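I have placed the structure first, in the form of structure tokens, so that the comments after it can refer back to it.
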């Protein structure tokens, strides 16, 4: 969303923008965390964060096969910490320094208060330390270290990241500075709307349940009916958004209690989608199956085959690469020339037919539709097979590796065949 994101920020502007947030000019404890990956014969930087800490935390290290998780505390003002990062900062003696070039570009994003892990909204400043580093999801194993089934999930938890870890979010290779902005906040609690502001010239604009906010005074708690939709934005005189609640804007869409009750698939599938693509999850936009428009359907065939030859998984049709649920109703109606419920049923039947025609082990999947974030999403659920599944036309077996569907290597097929004999 353009008005809560600012691009191409250079060092001086970064320092000036950060100064507007209360407390950044005072000496504080800043917790720096970073992940490093081992490639070839050297360690490389993957992703890291900096955030204000209430106290000085002890230095910390986790070592796994191919990964190092490190934490350190710095004391000083935000400006002093940023200057150290530009000079080159050693977070761990065995790892490369974290260092920004003088011409580094930063991006600022506002995380609204309802979506942040703090009471107030958070301003996140992101820049690249490395452009090349990325990895496929894997298990984390290490000598006398706690086992983790997903490196991506543990990285997200360790760094307190919001949303999926993926180069599409500019997280891989990036460094994120998160600052809680305690100046302003929108709050909806117990059917009451209020805002917490320091600047009395702040303006609240928007609507609740598609009715404009017209008479709201800053010091009042306004009773409201149960929320169906909300679009609220706090602005200053410079038209800078300071906090917001939106039922439509990703990636921090606001879900009311009514949404949570009515969105049938949210509790089961919403969290999976928000984790992003990985070894057991893939997203596809709507793929037309009419006439000769189904060439892209082979991507779905290969993904289902790959899931079945690994640990199973979910393929969501109607979700884009940024984990955003798209509205496929208009396209479905156009393709099938009927009402949406009938169009969905026919689309699911077409998917089942084509999968059964093209996969040798055709009992490994189910196809159904769920309403997720108020939009229909077609979900293909895949179970692992005991033997080897192949794509008929290609006579090829695929297997899931991280977020990719790869052809099985001859030695992998031989190993699987040997295991099936016992």
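Structure data summary
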| item | result |
| --- | --- |
| Length-normalised contact order for the chain - Cα pairs under 8 Å, 6+ apart - percent | 12 percent |
| Calculated diffusion of segment 91-161, Stokes-Einstein form, Kirkwood radius summed over Cα pairs, 37 °C and 0.692 mPa s, µm²/s | 214 µm²/s |
| Full-stretch length increase - residue 160, residue 141 - with 0.36 nm per residue and alpha-carbon distance subtracted | 4.8 nm |
| Segment residue 412-residue 130, length gained on full extension (0.36 nm per residue, minus Cα span) | 98.2 nm |
| Rounded FRET efficiency, nearest 0.05, which uses the C-beta distance separating residue 228 from residue 28 and R0 of 25 Å | 0.05 |
| Rg and Dmax of segment 40-171, Cα atoms only, in Å | 15.4, 44 |
| The chain: most fluctuating residue of 239, 207, 311 per GNM, C-alpha cutoff 10 Å | 239 |
| Exposure proxy ranking, count of Cβ atoms within 10 Å, fewest first, for 198, 17 | 198, 17 |
| Pairwise label distance in nanometres, residue 101 with residue 371, each label 7 Å out on the Cα-Cβ vector | 5.1 nm |
| Rough spin-label spacing in nm, given labels placed 7 Å along Cα→Cβ, for residue 395 and residue 8 | 5.5 nm |
| Point-to-point label distance, residue 58-residue 326, nm (Cα→Cβ direction, 7 Å offset) | 5.0 nm |
| Quotient of C-alpha Rg and 2.2 N^0.38 Å, computed over segment 322-422 | 1.35 |
| Per-residue [θ]222 nm for the chain (sum of -39500 (n - 2.57) over DSSP H runs n ≥ 4, rounded to 500) | -6500 deg cm²/dmol |
| Modelled FRET efficiency - R0 35 Å, residue 346 with residue 386, Cβ distances, 0.05 increments | 0.60 |
| Prolate/oblate/rounded label for segment 1-42 (Cα gyration tensor, a/c 1.5) | oblate |
| Surface/4 estimate of mean projected area, convex hull on alpha-carbon atoms of the chain, nm² | 24.7 nm² |
| Calculated FRET efficiency for the pair residue 149/residue 199, C-beta based, R₀ 41 Å, to 0.05 | 0.30 |
| Computed lengthening from residue 362 to residue 90, 0.36 nm per intervening residue step minus Cα-Cα distance | 92.6 nm |
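Here, each number is a calculation from the coordinates, and none is a lab measurement. What you see is a predicted model, and the numbers here were worked out from it, not measured in a lab. Ideal geometry is used to build each Cβ from the backbone, glycine not excepted, and the neighbour counts take in all protein chains shown.
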